[in-house]
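First the structure, in the form of structure tokens, and then the observations on it.
Readers should treat all values here as calculations from the given coordinates under stated rules, not as data from a laboratory. The shown structure was predicted, so the numbers you read here are calculated from the model rather than taken from an experiment.
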Amino acid sequence: RPEPVMTAIASTPLSLLKAAYHLGNRHVALEVSLQHLRFTPDPVLKQMVEQMGLTVKDEKVPFHPEQGAYASQTSHDHHGH
């Protein structure tokens, strides 16, 4: 279902990749595609991404953030003591 998000669009793939890296370092929920990045509205993040040269617009669209590298892993302790 649609929800408020900020959508960032870059003029080059490298700019989009760099913005994804910096947003990821801040551990924010982030939707990643080849055309855009989406994140929950935050004026500080918007300013950071705009300073990197991306265009940011407010939208109300379905939001599908990445699950994270460890989202599906469970702990398996196979050590005998």
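Things to note:
- In the stretch 2-62, the convex hull through the Cα atoms has an average projected area of 3.5 nm², a quarter of its surface area.
- Fully extending the segment from residue 3 to residue 50, taken as 0.36 nm per residue of separation minus the present Cα-Cα distance, adds 14.8 nm.
- 3J(HN,Hα) couplings calculated from phi for the stretch 56-61 with the Karplus curve 6.51 cos²θ - 1.76 cosθ + 1.60 (θ = phi - 60°) are, in sequence order, 10, 10, 7, 9, 10, 9 Hz; Gly and Pro show x.
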